[in-house]
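Heads up: the structure comes next, in structure tokens.
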Amino acid sequence: MKRDLRPHQSRAIEMLRQALGAGKRRPVLQAPTGFGKTRLAAAVIEGALAKDKRVIFTVPALSLVDQTVEAFWNDGIRDIGVIQGYHGMTDWSRPVQVASVQTLQRRQIPHADVVIIDECHRWFDFYPKWMMDSAWQSRPFIGLSATPWTRGLGRYFDDLIVAAKTQDLITAGYLSPFRVFAPSHPDLTGVRTVAGDYHEGDLSGVMNDSALVADVVDTWLRRGQNRSTFCFAVDRAHAKHLQGKFAEAGVPTGYIDAYTPCRERQEIERKFQDGHIRVVCNVGCLTTGIDWDVRCIILARPTKSEMLFVQIIGRGLRLAEGKEDCLILDHSDTHLRLGFVTDIHHDVLDDGRPRVRGRGSDCIPLPKECPQCTFLKPPRTRECPACGFKTEAINHIEVTEGELIEITGRKRHGEVVSKDEEAAFYAQLKGYAQTHGYASGWAAHKFREKFDLWPGDYRQVSAMEPTPKVLSWIKSRQIAWAKSKQRHAE
Ligand SMILES: [Zn+2]
């Protein structure tokens with residue numbers, strides 16, 4: 001073995017060995033992004049080679065063949081043949097064959113003792129035919145995936161080995177922590193569901209709206225801290241619209257879809273990595289096998305698919321130098337529907353039968369949105385970790401858990417402000433007035449200055465310590481006032 005395995009990788013190998021020892025022939029090994037899945041696969045292959053066994057390793061896309069060969073090569077596995085079109089490494093005599101499914105299903109299959117199916121959540125009709133073929137029935141097929149939740153996968157595989165969960169890897173320091181804000185809430189009523197996810201055309205109709213697109217750009221400018229960002233859009237028109245608006249706002253922005261030529265993609269990657277491009281808008285094609293230094297994810301594509309959701313967020317969880325966390329700006333309400341990716345988990349493979357218990361939101365405790373800053377808090381968290389806002393501080397206005405903020409629809413200074421936000425703002429003005437010994441009317445006047453209305457309904461809220469956001473607003477008003485006084489004096 002060329003490199004030592006991490007503890008969770010060794011444990012995964014041991015669990016796999018036990019499963020095979022117990023007679024399982026079709027185990028799935030679930031390993032999240034950042035687990036070192038290729039390293040793990042390399043260790044399995046090394047184990048097989050040591051016993052003079054032959055291995056076929058399949059990948060679900062042509063673009064993944066060379067990258068896989070390179071990774072194995074770097075891991076010290078050199079005796080590799082490739083099954084893909086007329087690839088220069090075609091050589092059946094080699095003990096390890098890296099194969100694209102597309103080519104393999106059209107050809108005769110070379111002999112092997114073990115088959116590893118990478119990204120096995122991407123299922124092909126060819127697989128069951130192969131697995132059930134009498135010549136292959138007794139040989140192990142090992143599925144690998146970060147998200148092995150495809151409908152019916154349990155009909156073909158007989159065991160699920162969860163090598164680690166995303167939260168385990170974050171805790172152990174192998175993945176980046178993340179923070180989520182939910183700045184806007186698209187109205188998806190009327191969007192049809194097809195094959196378990198939203199109808200793309202309907203979705204595009206809702207999401208490609210100019211106000212929503214403008215909000216994505218505005219939010220990133222306000223909160224994005226100029227981070228290197230992947231923006232996931234519904235379709236090409238939506239992604240291009242977003243790219244155009246980012247560019248108009250002066251943000252160097254790239255665009256990638258499944259048809260972007262390889263060379264152009266590499267050029268965008270280079271500019272992204274060296275900082276000349278800050279945002280890359282794309283249509284779900286940056287989900288698998290992409291390892292760029294991403295520090296912010298914009299989710300502008302609502303989905304009901306836990307797999308797509310987890311794959312998208314996974315792009316932002318790689319560690320990188322100087323990276324403290326990944327910022328997620330969710331404009332799709334997906335977190336409020338499916339939960340945090342760290343909470344999505346299934347103990348067993350889906351056997352394709354109608355589900356008795358619901359999945360996703362039915363059994364996962366969902367995050368709650370901070371009414372003040374839109375940060376998504378873990379369930380049952382009273383105090384917002386991002387801005388310090390406490391839900392119980394408001395005793396006059398009913399804020400029940402699980403309730404979305406109520407948008408009053410009034411636009412103040414270009415911002416839509418909810419009643420909760422107004423109440424929180426007033427509570428903090430009160431807090432400021434108390435600590436500075438201001439007269440009781442001061443908070444009400446400041447409130448009016450901000451919202452063009454008197455606090456009325458909110459008079460009963462308890463005073464709160466102001467957040468930096470409110471403090472800076474108060475300061476900006478003081479500066480404006482001082483300047484106007486100065487002008488008056490001149
Ligand atoms: Zn907050």
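Checking the Cα-Cα distances for LYS245/LYS390; LYS240/LYS304; LYS37/LYS245; LYS37/LYS368 against a 27 Å cut-off, the pairs over it are LYS245/LYS390; LYS37/LYS245; LYS37/LYS368.
Cβ-Cβ distance of GLU14 and LYS475, R₀ of 51 Å, FRET efficiency by 1/(1 + (r/R0)^6): the value works out to about 0.30. Using heavy atoms of the protein chains and a probe of 1.4 Å, the accessible area assigned to LYS245 is about 70 Å². Contact order for segment 147-275, expressed relative to its length and based on alpha carbon pairs under 8 Å spaced 6+ residues apart, stands at 15 percent. For the chain, the longest principal axis of the Cα atoms and the long axis of helix 236-248 meet at an angle of about 50 degrees. With N the number of residues in the chain, Rg(Cα) / (2.2 N^0.38 Å) evaluates to 1.15. Site pair ALA50 and ARG223 shows an inter-label distance of 4.9 nm when each label is modelled 7 Å from Cα along Cα→Cβ. When DSSP beta bridges are limited to those with both residues in segment 243-394, what percentage is antiparallel, rounded to the nearest 5? The antiparallel proportion sits near 25 percent.
Taking label positions 7 Å along the Cα-Cβ direction at both SER63 and VAL194, the computed distance is 2.3 nm, reported to one decimal.
Shown is the FRET efficiency for VAL348 and ARG106, computed with R0 = 56 Å from the Cβ-Cβ distance and rounded to the nearest 0.05: 0.95. What angle do you read, to the nearest 10 degrees and between 0 and 90, between the alpha-carbon axis of helix 468-489 and the longest principal axis of the chain? Between the helix axis and the principal axis of the chain, the angle is about 40 degrees. Axis angle, to the nearest 10 degrees, between helix 63-74 and the longest C-alpha principal axis of the chain: 70 degrees. For ALA247 and ARG179, the difference between the fully extended length at 0.36 nm per residue and the C-alpha to C-alpha distance is 21.9 nm. Within the shell defined by Cβ-Cβ distances under 13 Å, the residues around THR189 carry a net charge of -2, with Lys and Arg each +1 and Asp and Glu each -1.
Sort 132-139, 328-335 by packing, meaning the average of other beta carbons within 10 Å per residue, with the highest value first. Write down the numbers at each step before the final one.
On the way: 132-139: 10.9, 328-335: 23.9.
The peptides rank, most packed first, as 328-335, 132-139.
Tell me the per residue accessible area of the chain using a 1.4 Å probe; a whole number in Å² is fine. About 48 Å² of surface per residue is accessible.
What a 1.4 Å probe finds exposed on the chain is 49% carbon and sulfur by accessible area, rounded to a whole percent.
Working ranking of peptides 195-205, 210-220 by packing, defined as the average number of other Cβ atoms within 10 Å per residue, highest first, is 210-220, 195-205.
For TRP442 and THR260, the difference between the fully extended length at 0.36 nm per residue and the C-alpha to C-alpha distance is 59.7 nm. In terms of packing, defined here as the mean over residues of other Cβ atoms within 10 angstrom, the peptides 466-478, 59-71, 180-192 line up highest first as 59-71, 180-192, 466-478.
The values are calculated or read from the model by the stated rules, or taken from the named source; none is laboratory data. Values in this document were obtained by computation on a predicted structure and should not be read as measured data. A quick note on method: Cβ atoms are made from the backbone with ideal geometry, for glycine too, and the neighbour counts reach across all protein chains shown. The area values use the complete protein model at the heavy-atom level, side chains included, leaving out ligands, DNA and RNA. Shrake-Rupley method; radii C 1.70, N 1.55, O 1.52, S 1.80 Å.
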